[in-house]
Structures are given as structure tokens and as C-alpha cells.
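The values are calculated or read from the model by the stated rules, or taken from the named source; none is laboratory data. Predicted model, so just to flag it, every value in this text is computed and none were measured. Please note: Cβ atoms are built from the backbone with ideal geometry, for glycine as well, and neighbour counts cover all protein chains shown.
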Amino acid sequence: MLRLLGVSLRLDDRALLDEVSLQVRAGELVVVEGQRASGKSSLARVAAVLRRPDDGEVWIGERDVTTLQDASMPFVRRNIGFFSADLPLLPRLSTLENVMLAAGARGFEPAQARELALRALGRVGVVGAATRLPGGLSAAERRLVALARAVAGAPPLLVLDDPSAELAARDAGAVLSAILGVVEVGGAALCTSPDGSFAEAVVRAGGRRVRLEGGRVLAGGGPIGIVGARRPGAREVDVRVEARR
Amino acid sequence: MTRAWLLRRLVGDGRRHGAVWLALAVAFAVVTLAAAGARLVGRAPAGPAPAAARVIAYLDEGQEGAGAGAGARAEELRRVLERMPGVEAVRVVSARDGLELLRRELGARAGVLEGVGPDLLSPSLEIAARPAVAGALAIRLRRLAGVGAVDLVEAAEAPAAPADDGRAARLGVALAGTLGLLALVAALAVLRARLRVELALWLSFGLTRAASVRPALWLATSAGVVGAGAGALGASWAANAWLPAGALPARELALGAAAVVMLALAVSRVALRIPEAAGAR
């Protein structure tokens with residue numbers, strides 16, 4: 001589903017990612033664990049096609065997206081649920097409307113998006129806040145709503161940058177449960193986290209742990225270029241890139 | 001995103017950026033008003049405005065004597081004349097009043113009127129009209145049945161206006177225009193800054209850059225349409241209420257408002273073009 005091959009990313013002279021190779025198959029959950037400034041967020045942005053790497057290939061489905069034109073990128077991104085603390089909730093729109101918008105961008109009609117948004121909010125345990133405005137939510141609730149936005153509609157690829165930060169253990173458990181909900185229906189999920197206990201929980205739930213340090217994968221990158229055995233019940237999801245008319 | 005979603009986003013953007021929309025509409029209205037004001041100032045004659053000319057139409061002998069019927073005829077004429085373009089005021093002067101007026105005008109020499117009867121003069125209509133139409137009006141009145149004679153008293157020049165009146169008007173219009181444009185730029189800058197924050201979100205959802213800013217562009221354009229419309233209506237009302245020379249022609253006003261709307265569209269498009277470096281690359 002997602003394959004990064006020799007991906008490098010530099011900022012001025014500093015290497016944010018240094019020939020990172022990593023594979024996440026459909027129906028698989030991978031957690032990238034690393035300390036602060038180890039390149040986790042950069043890796044997440046490259047994996048979510050929000051940033052082009054300086055070198056290397058980013059395969060999503062059967063396509064190397066680094067070869068696509070900028071105009072085609074949005075059509076790839078529509079298949080990716082992305083979470084980052086940087087992405088705000090829109091003020092003056094209810095929590096539910098915020099989550100619905102993401103589902104709408106993924107092609108669901110409003111009624112369907114509403115149902116998916118409610119389900120996603122329920123999965124992360126904030127369905128009670130559906131009608132409230134983001135300004136009236138706690139910081140943790142806002143993060144959970146943003147996570148619900150990423151998982152709503154079970155996108156084929158889920159990329160979450162440090163989803164458990166600032167969350168209580170119970171909430172982090174709800175987040176993991178929501179991620180597994182996407183993985184169970186055949187989605188591929190890549191999480192980054194500096195939190196060892198969250199990474200442990202992911203491994204206990206059947207996920208794989210990858211260690212990242214100084215922009216390099218130390219261990220657990222997966223069988224790059226080799227089509228491994230899929231998890232039972234997992235389905236291959238085709239990510240289509242529509243030509244711009 | 002489907003049309004239903006675009007509509008929802010438009011409503012959502014309207015809720016989030018309502019204050020900016022209002023500021024944009026007001027700015028466009030001020031720009032339209034200033035443009036209309038500039039046009040009016042540009043049309044105003046350089047010298048002092050001439051006063052109204054006076055046309056006196058003497059009714060045929062016997063009109064007054066015919067009693068209520070003649071009075072009704074004079075009233076009817078007055079109503080017709082009042083509706084004519086360029087006519088500012090019409091007054092019915094009876095034979096008796098006319099004689100009284102003549103006495104007053106003669107002053108010390110009024111003795112020459114000693115012993116004359118009240119029917120010396122015919123009843124008349126005194127019409128104050130714009131100088132440009134007074135001549136044509138006099139000709140038309142002479143042809144009218146029931147009108148015996150017509151006098152045209154050319155307008156005297158109105159007292160010279162203070163020399164800086166035009167300059168003050170121009171300065172006011174320029175100031176309003178500048179303030180309107182500044183408000184426009186400021187409101188668009190606020191909208192643009194907010195969009196830049198939201199852009200990363202829309203791009204992460206997989207929206208194209210154009211689709212990301214489209215509702216905001218529509219909002220800005222609608223603010224332009226509403227603002228320009230309100231400005232045009234305001235300009236028309238103000239010209240009618242305050243300027244004796246009359247309003248801006250409707251066609252000119254509509255064209256001006258349309259020009260401001262086009263400007264709204266163009267300015268919004270340029271202002272809301274988020275550079276490639278913003279958000280995702």
C-alpha cells in the first residue's frame with residue numbers, strides 16, 4: 001500500500017530524512033517510534049504526500065507519486081487520512097461539520113458523510129461533543145475530533161503524526177481502537193510517536209514498530225520491494241489517480 | 001466535492017468570515033459611492049450655477065372671470081407644467097394678485113395705477129425653470145390654448161459660490177475613495193491570512209488549491225456585488241436628494257456598479273491567489 005524507497009529530505013544542509021525505506025501493507029499498522037527531531041513529522045508529511053522528498057520514491061498503491069505533477073497530488077491525497085497537531089479545526093463550525101468536511105472531500109455525499117462522521121466521533125469517544133463548537137472543547141477533545149476527521153470514512157491509507165500526544169491513557173486507547181477499525185477493513189496505517197508506551201500498545205494490537213533516529217530507520221522498515229503475506233482478511237485497496245480534466 | 005458540498009462550504013465560510021464579508025461589502029460600497037461622486041464632481045460646471053429662469057404665461061382674458069371653471073383650468077395647467085422636465089416651481093397668480101405685484105414693483109410710481117380696475121391684468125402662471133429648458137418651454141406655452149402671452153425673464157447668475165467648494169468636494173471624494181480602497185485591501189488581506197491558515201487543512205483533505213479558495217472567492221465577489229449595488233443605490237438617492245441638477249443617469253450608474261463588480265472579481269482573484277509555497281508543496 002505504502003512504500004518509501006530511499007527517501008531523503010533536507011532542510012538547508014540538515015538531513016531531515018536520510019534514505020528512509022519503509023513499507024506498510026494494506027491491513028497493516030506500523031508505528032514509527034523516535035525521539036524529538038528524529039524526522040517523524042517529516043516522514044509523516046512525505047507519506048501523506050504533503051511534501052515531496054528531495055530523493056527517493058514514494059509508492060502508494062501501484063504508483064510512484066513522486067513522478068506525478070503537482071496538479072495530480074490532491075487526487076492522491078483524497079485517499080489518505082492525515083492527522084497532525086498543526087491542522088486546525090475550523091472555528092464556528094460544529095465538531096460534526098468539521099469531521100463531515102473531511103469525509104466530503106473523500107467523495108461522500110453530505111448525508112453519508114454525516115453518518116460516517118458520527119461513527120468516527122463515536123470511535124474516539126467524543127460523539128457527545130458533536131454539536132459543540134471547537135472553541136468550547138478541551139485541548140484533548142480537539143485532538144480527538146481531529147483524529148476522528150482523519151479516520152472518518154476509513155481511508156485506504158492513514159497517516160497520523162503523534163496521535164497519542166497530550167492524551168490520557170484511556171483516550172489513547174480509544175484512538176488506537178479507531179485506527180484498528182480502519183486497519184481491519186483493509187486500510188494501511190502509519191503512526192509516528194515518541195511515546196514508547198503507545199508503540200508498545202500498537203505492537204500488542206498486532207502492529208509493527210519501526211525505530212527512527214536522526215532521519216534514518218534503525219530497525220523494522222519491513223520487507224521493502226517484497227510482496228509479503230497479507231494479514232488474514234485484509235483487502236488490497238486500489239488508490240486511483242484521476243487525470244485532471 | 002459535489003455542488004451540495006460547495007454550498008455547505010460557502011455557508012460555513014460565510015459563518016466563519018461574516019465580519020470580513022461585511023467589511024468587504026462596505027468597502028465596495030464606499031468605492032462605488034466615491035466613483036459616483038467623482039463622476040458628479042467631474043460633470044459639475046466650473047462656474048457658478050445659473051439661477052432658474054422665469055417664464056410668465058398670461059392666460060386669455062376672461063379665464064379669471066369665468067369663475068370656478070377658469071380657476072380649475074389654471075390649476076390643471078399648473079399641475080401639467082409641474083410635471084414637465086426642467087420645471088422647478090409653478091405658481092398661479094390671479095389678476096388681483098398680479099396687480100398688487102405690479103404696484104409693489106412700481107414702488108413710488110404706483111400712482112399711475114390709480115383708478116384702474118382689478119381686471120387690468122390677465123391672470124398668469126409664474127414658472128421657475130432651468131435656463132436650459134426655459135426657452136423651449138416658453139415656445140410650447142405660446143402654442144397652448146388658453147394662453148394669451150408669454151414672457152421669458154432670463155436668469156440672473158446666482159451669487160458666486162465660495163472658490164474652494166469644488167476643491168472641497170474633490171478632496172472629499174478622493175478621501176472617501178482612498179479610505180474605501182484601503183478598507184478593501186485590509187479586508188482582503190485578513191481573508192487571505194485566514195485562508196493561508198486553513199489552506200494546509202484543505203490540501204490535506206485532498207482539495208486542489210483552486211477548490212480550496214473557491215468559496216472565499218465567491219464570498220468576496222458576492223460582497224462586491226452587494227456593496228456595489230448598495231453604493232449605486234446610495235449614490236442615486238444622494239444625487240436626487242441633494243443635487244438640484246438631478247441624478248446620475250440610471251445607465252451610467254448601472255455601468256459603474258458593473259465595473260465595480262468586475263473590479264471585485266479581479267481584485268479578489270488576485271488577492272486570494274495563495275502562492276505555491278503556502279501549505280503543502
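For B:ALA277, the conditions (1) closer than 24 Å to B:HIS17 by Cβ; (2) in contact with a helix residue (DSSP H, G or I) (Cβ under 9 Å, 6 or more places away or on another chain); (3) modelled with pLDDT under 80 are fulfilled apart from (2).
Residues that are within 14 Å of another protein chain (Cβ to nearest Cβ) and either within 10 Å of A:LEU16 (Cβ to Cβ) or among the β-branched types (Val, Ile, Thr) (or both) within the range A:34-59 comprise A:SER41, A:SER42, A:ARG45, A:VAL46, A:VAL49, A:ARG51, A:PRO53, A:ASP54, A:VAL58, listed in sequence order. Among the criteria (1) closer than 20 Å to A:GLY27 by Cα; (2) more than 14 Å from chain B (Cβ to nearest Cβ), the one A:ALA152 does not fulfil is (2). Give the residue, chosen from B:VAL213, B:VAL147, that is within 30 Å of B:MET84 (Cα to Cα), of a type outside the set (Phe, Trp, Tyr) and at pLDDT 80 or above. The unique qualifying residue is B:VAL147.
Every residue, every condition in (1) more than 30 Å from A:ALA102 (Cβ to Cβ); (2) modelled with pLDDT of 80 or more; (3) among the charged types (D, E, K, R), yes or no:
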{"residue": "B:ARG3", "(1), (2), (3)": "no, no, yes"}
{"residue": "B:ARG8", "(1), (2), (3)": "no, yes, yes"}
{"residue": "B:GLY18", "(1), (2), (3)": "no, yes, no"}
{"residue": "B:VAL26", "(1), (2), (3)": "yes, yes, no"}
{"residue": "B:THR32", "(1), (2), (3)": "yes, yes, no"}
{"residue": "B:ALA35", "(1), (2), (3)": "yes, yes, no"}
{"residue": "B:GLY42", "(1), (2), (3)": "yes, no, no"}
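The condition (being assigned to a strand (DSSP E or B) and either at pLDDT 90 or above or away from chain B (no Cβ under 12 Å) (or both)) is satisfied by just one residue among A:VAL31, A:VAL99: A:VAL31. When residues in the range B:1-22 are screened for being part of a helix (DSSP H, G or I) and within 8 Å of another protein chain (Cβ to nearest Cβ), 7 of them pass. Candidates A:ARG36, A:ARG14, A:ARG52: the one that is at pLDDT 90 or above and basic (Lys, Arg) is A:ARG52. Working carefully through the options A:LEU93, A:LEU137, A:LEU118, A:LEU157, find the one that is crowded, with 19+ Cβ neighbours inside 10 Å and away from chain B (no Cβ under 11 Å). Of A:LEU93, A:LEU137, A:LEU118, A:LEU157, the one residue that is crowded, with 19+ Cβ neighbours inside 10 Å and away from chain B (no Cβ under 11 Å) is A:LEU157. Scanning the range A:60-78 for residues being under 16 Å from A:LEU22 (Cβ atoms) and in a helix (DSSP H, G or I) gives a total of 2. Just one of the listed residues (A:LEU29, A:LEU89, A:LEU2, A:LEU43) is more than 15 Å from the chain's Cα centre (by Cα) and of a type outside the set (Lys, Arg), namely A:LEU89.
Considering B:ARG214, B:ARG167, which residue is assigned to a helix (DSSP H, G or I), within 40 Å of the chain's Cα centre (by Cα) and either within 14 Å of chain A (Cβ to nearest Cβ) or crowded, with 18+ Cβ neighbours inside 10 Å (or both)? The conditions single out B:ARG214.
Once the range B:170-211 is narrowed to residues that are hydroxyl-bearing (Ser, Thr, Tyr) and facing chain A (nearest Cβ under 10 Å), the residue that is nearest to the chain's Cα centre (by Cα) is B:THR208. Of all residues in the range A:160-207, those satisfying the criterion of being among the hydroxyl-bearing types (Ser, Thr, Tyr) and buried (at least 21 other Cβ atoms within 10 Å of the Cβ) are A:SER164, A:THR192, A:SER193. Taken as a whole, the condition of being part of a loop (DSSP other than H, G, I, E, B) and either facing chain B (nearest Cβ under 10 Å) or aliphatic (A, V, I, L, M) (or both) does not apply to A:GLY81. Among the residues of the range B:183-205, those that are under 19 Å from B:LEU10 (Cβ atoms), free of Cβ contacts under 8 Å to residues at least 40 places away in the same chain and not aromatic (Phe, Trp, Tyr) comprise B:VAL197, B:GLU198, B:LEU201. Taken together, A:VAL46, A:VAL32 contain a single residue that is touching a Ser or Thr at 6+ places or on another chain (Cβ under 6 Å), within 20 Å of A:SER193 (Cβ to Cβ) and either β-branched (Val, Ile, Thr) or free of Cβ contacts under 8 Å to residues at least 60 places away in the same chain (or both), which is A:VAL32.
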